[in-house]
Amino acid sequence: MRRLLALVAAVAVCVGLAAAPASAQRVTGTDGSGDVGRLVEDRIDRTPRPAVDVETWAVRYGDHRISAVVGFRDLQPRGRRLETSLVLLHGADRGRSTEVSVLARRGDRAGTARVLGGKDCHPRHRIDYRRDLVRVSFAARCIGSPRAFEALIITKLVPASGQALYADLVPATYPQLRSIVRSESFDYPTVRVRRG
């Protein structure tokens with residue numbers, strides 16, 4: 001009888017563990033309105049450009065997937081190309097980087113996703129123009145499933161004229177973006193995200 005009770009208790013614990021929700025760390029934030037930079041050659045100016053102006057963002061690191069949701073002021077690919085990128089710095093001393101991007105064009109509103117610097121990646125993405133959101137997720141094994149990574153979000157719009165580039169960098173402020181462009185620094189502000 002004791003063996004039967006022990007077996008029932010062990011099965012109950014295993015079922016409970018299997019049914020327990022997966023843990024994840026989620027880092028969220030807001031970004032200032034109107035902090036888009038217009039880059040022309042070596043010059044940068046602050047400009048209102050709602051299509052690339054990020055308002056809210058969230059990065060989540062679950063047991064097996066990394067995901068990001070980016071909310072915009074007015075998400076419309078009015079230029080030649082609208083690109084939303086999640087850049088991850090990982091490895092020893094942030095020495096490796098992986099960029100997961102969603103690109104949308106006027107003729108391709110559903111967009112496509114691509115990965116630079118990762119392996120075995122098949123990112124999933126969705127662009128919701130009605131709610132002004134871009135979502136992207138991919139397997140954590142793509143970047144080696146580290147314990148943590150540093151993240152930043154870059155949005156870019158290349159207008160049809162091709163003479164300028166509009167960009168918003170999150171979690172940076174416009175003065176930080178301006179300083180980065182002027183000094184050609186790659187010391188971007190980031191947020192730290194740990195595996196849940």
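The values are calculated or read from the model by the stated rules, or taken from the named source; none is laboratory data. Remember, it's a predicted structure, so these values are computed and weren't measured experimentally. Note: ideal-geometry Cβ built from the backbone for every residue, glycine included; neighbour counts use all protein chains shown.
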Quiz item: Which of the residues belonging to the stretch 102-154 are assigned to a strand (DSSP E or B), over 12 Å from residue 84 (Cα atoms) and touching a His at 6+ places or on another chain (Cβ under 6 Å)?
Solution: 149
Exercise. Pick out the one residue from 173, 84, 190 that is within 18 Å of residue 60 (Cα to Cα), among the hydroxyl-bearing types (Ser, Thr, Tyr) and modelled with pLDDT under 90.
Key: 190
Quiz item: Of the residues in the stretch 24-48, how many are assigned to a loop (DSSP other than H, G, I, E, B) and either in contact with a His (Cβ under 7 Å, 6 or more places away or on another chain) or at negative phi (or both)?
Solution: 7
Exercise. Enumerate the pairs (first residue in the stretch 44-70 and farther than 11 Å from residue 31 by Cα; second residue anywhere and surrounded by 15 or more Cβ atoms within 10 Å (Cβ to Cβ) and polar (S, T, N, Q)) with beta-carbon separation below 7 Å, excluding pairs fewer than 6 apart on the same chain, so at least 6 apart or on different chains.
Key: 51/76; 52/155; 60/67; 65/137; 66/137; 67/137
Quiz item: In the stretch 31-41, what residues are touching a residue at least 24 places away in the same chain (Cβ under 8 Å) and exposed (fewer than 12 other Cβ atoms within 10 Å of the Cβ)?
Solution: 40
Practice problem: Among the candidates 135, 124, 94, single out the residue that is more than 19 Å from residue 36 (Cβ to Cβ), in contact with a strand residue (DSSP E or B) (Cβ under 7 Å, 6 or more places away or on another chain) and modelled with pLDDT under 90. | Solution: 94
Exercise. Determine which single condition residue 169 fails, assuming it passes every other condition in (1) surrounded by fewer than 20 Cβ atoms within 10 Å (Cβ to Cβ); (2) out of contact with any His (no Cβ under 7 Å at 6 or more places or on another chain); (3) of a type outside the set (Asp, Glu).
Key: (1)
Practice problem: Answer yes or no as to whether residue 84 is surrounded by fewer than 20 Cβ atoms within 10 Å (Cβ to Cβ) and not in a loop (DSSP other than H, G, I, E, B). | Solution: no
